[in-house]
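**Q** First the structure, which I've put down as structure tokens, then a few questions once you've had a look.
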There are 2 protein chains.
Amino acid sequence: MYNPSLKQCHTSPQANCADCRLASICLPISLHIDDINKLDDIIQRGRPLNKTERAYYAGDKFRAVYALRSGSIKTVQVTPDGQEQVTGFYLPGEIIGMDGLAANHHTNSAIALETSAICEIPFSRLEELSAKIPNLQRRFFQLMSKEITQEQQLITLLGKNSADERIASLLLSISTRNHTRGLSAKEFYLPMSRSDMGNYLGLTIETVSRVLSRLHKQGIIALNKKHVNIEEMDTLKNTALVQMDA
Amino acid sequence: MYNPSLKQCHTSPQANCADCRLASICLPISLHIDDINKLDDIIQRGRPLNKTERAYYAGDKFRAVYALRSGSIKTVQVTPDGQEQVTGFYLPGEIIGMDGLAANHHTNSAIALETSAICEIPFSRLEELSAKIPNLQRRFFQLMSKEITQEQQLITLLGKNSADERIASLLLSISTRNHTRGLSAKEFYLPMSRSDMGNYLGLTIETVSRVLSRLHKQGIIALNKKHVNIEEMDTLKNTALVQMDA
DNA sequence: CGGCGCCTTGACTTGCATCAAAAGTAGTGG
DNA sequence: CCACTACTTTTGATGCAAGTCAAGGCGCCG
């Protein structure tokens, strides 16, 4: 069931962390209420991004990380020979921009897949605050570590798995992450194009389309453009072999 | 030129960070001398690992991260269906174990590829110290971010590049990392087996062997078992297209 | 010197890419 | 509201890079 309340979130830009429906999965996890308010003080909420607009560009000086409040975002790297590689898809409550820390400039661009709202968290302030709030420091270390382990799962997927397994894994990843957000694990929209899926999974657009059609014909998923309904969850999980988790 | 002094490093287990030849590329970068000594106080140096011994096992409770002092290490993930995926190769001065932070247990095993010495850095102490030394906190954030960006480069490599490009990229990665350590960029030993290389790059052992033979026949590299001499650096760089950096 | 891993090489197969074209969808302006 | 254009997706036919299967070589160690 597609939950339109998500769409509405970016219409209340003044919402603070303490009230935010996503607080339980976002940066503030495990913080005391007064620490949440301190965090809230440094967060900047701008106007929503329209589809194809960018939160930051590859090459931009690194100044902040961003929490996605609503919508969805892809991160994209440009290779030296000018090709684009999609490095991740992000859903509300997830943090983007941590790639910029190492070299002090972003190595990815973050592009909105639909109208999206983000909370900008200036990094220098976050650093100061982390030094004062041990749980926040710990939380941020954890978020980066989670990014690392997730990327390792993607590496495994790209290194070892067939086209069918890759697609099934991506569908299940989005399914479980939706579920974590109180949405349906069974029925959801894919915010990205076939081309983005293929790029992310190391497949051509034709292969993505063929695999999705096949899963549809086999009755494992119902598919209408970007709207997916997982009809046989167990079969899909068997196909995936590897569960990429949230 | 293979520099045997590297081999000797693990024979001086009492070395401290301030004296360590690797300090300029390891965790202590940009720390004041007294801060380095504080860091040094929490570091534990055990006996060297023999080949195939593990610094930690996947599933182990996360207690520490580890700086590699000498030798080389691979990190390996086990997929649900029992296959192994090599997720990284590590050289002296590099930090391993940051995968364990997110879930509070390691998701990889760290396996010595040859006799190797490591510095164990208990994480709870590192956290405390990071809160007191801003440069250390920053440095550790940077190391994790670097891990993220490097993995994204590997994802791109696996998603978009041919067998030749993957092998060339790995050779160049090891070359530049050796160079950073004051060793030759041109001539070096590959510490890992063909099987490890293939596993890491998403290729079969036969393909790795064929590509290396081809590079050899073309005169781009000289190859004797694990000993590599890059004869035509520019050609190799052209083959790689993408430079995976240190 | 014989057995066991690791690596190389060759012959054959196959999954996915490539090429091509048509159908579907969205956006724009008259 | 429809016509027109441009983009995305689907489907089909063909080709190729890398996988699989198989055999043999090399080095190491007891």
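The values are calculated or read from the model by the stated rules, or taken from the named source; none is laboratory data. The structure presented is a predicted model; accordingly, all values stated were derived computationally and were not measured. FYI the Cβ positions are ideal-geometry reconstructions off the backbone, even for glycines, and counts take in every protein chain you see. These accessible areas exclude ligands, DNA and RNA; they are computed on the full protein's heavy atoms, side chains included. Shrake-Rupley method; radii C 1.70, N 1.55, O 1.52, S 1.80 Å.
**Q** Quick one: would you say B:Lys160 is open to solvent by 50 Å² or more (accessible area, probe 1.4 Å) and over 21 Å from the mean Cα position of the chain (by Cα)?
**A** Details: open to solvent by 50 Å² or more (accessible area, probe 1.4 Å): yes; over 21 Å from the mean Cα position of the chain (by Cα): yes.
In short, yes.
**Q** Considering only residues that are more than 9 Å from DNA strand C (Cβ to nearest atom) and touching a Leu at 6+ places or on another chain (Cβ under 7 Å), look in the range B:201-239 and name the one that is farthest from B:Gln77 (Cα to Cα).
**A** Here the answer is B:Ile220.
**Q** Condition first: in contact (Cβ under 8 Å) with a residue 40 or more places away in the chain, at the interface with another protein chain (Cβ under 8 Å from one of its Cβ atoms), within 21 Å of A:Asn135 (Cβ to Cβ) and touching a Ser or Thr at 6+ places or on another chain (Cβ under 7 Å). Can you find one or more residues in the range B:120-136 that meet it?
**A** Within the range B:120-136 (the criterion being in contact (Cβ under 8 Å) with a residue 40 or more places away in the chain, at the interface with another protein chain (Cβ under 8 Å from one of its Cβ atoms), within 21 Å of A:Asn135 (Cβ to Cβ) and touching a Ser or Thr at 6+ places or on another chain (Cβ under 7 Å)), the answer is no, since none of the residues qualifies.
**Q** If we scan the range B:82-94, do we find a residue that is more than 10 Å from chain A (Cβ to nearest Cβ) and out of contact with any helix residue (DSSP H, G or I) (no Cβ under 9 Å at 6 or more places or on another chain)? Outline the logic, then answer.
**A** From the range B:82-94, those more than 10 Å from chain A (Cβ to nearest Cβ) are B:82, B:89-94; that's our starting set.
Filter again for out of contact with any helix residue (DSSP H, G or I) (no Cβ under 9 Å at 6 or more places or on another chain), leaving B:82, B:90.
Within the range B:82-94 (the criterion being more than 10 Å from chain A (Cβ to nearest Cβ) and out of contact with any helix residue (DSSP H, G or I) (no Cβ under 9 Å at 6 or more places or on another chain)), the answer is yes, since at least one residue qualifies.
**Q** While we're looking at this one, here's another question. Restricting the search to the range B:174-212, which residues are open to solvent by less than 10 Å² (accessible area, probe 1.4 Å), away from DNA strand D (no atom under 11 Å from the Cβ) and closer than 18 Å to B:Glu231 by Cβ?
**A** Of the residues in the range B:174-212, the ones open to solvent by less than 10 Å² (accessible area, probe 1.4 Å) are B:174-175, B:188, B:190, B:192, B:197-198, B:201, B:208, B:211-212.
When the remaining residues are screened for being away from DNA strand D (no atom under 11 Å from the Cβ), the result is B:174-175, B:188, B:190, B:192, B:197, B:212.
If the condition is that a residue be open to solvent by less than 10 Å² (accessible area, probe 1.4 Å), away from DNA strand D (no atom under 11 Å from the Cβ) and closer than 18 Å to B:Glu231 by Cβ, then B:Ile174, B:Ser175, B:Phe188, B:Leu190, B:Leu212 are the ones that fit.
**Q** Turning to a different aspect of this structure: What residue, among those in the range B:213-236 that are open to solvent by 50 Å² or more (accessible area, probe 1.4 Å) and within 13 Å of B:Tyr189 (Cβ to Cβ), is farthest from DNA strand D (Cβ to nearest atom)?
**A** B:Lys226
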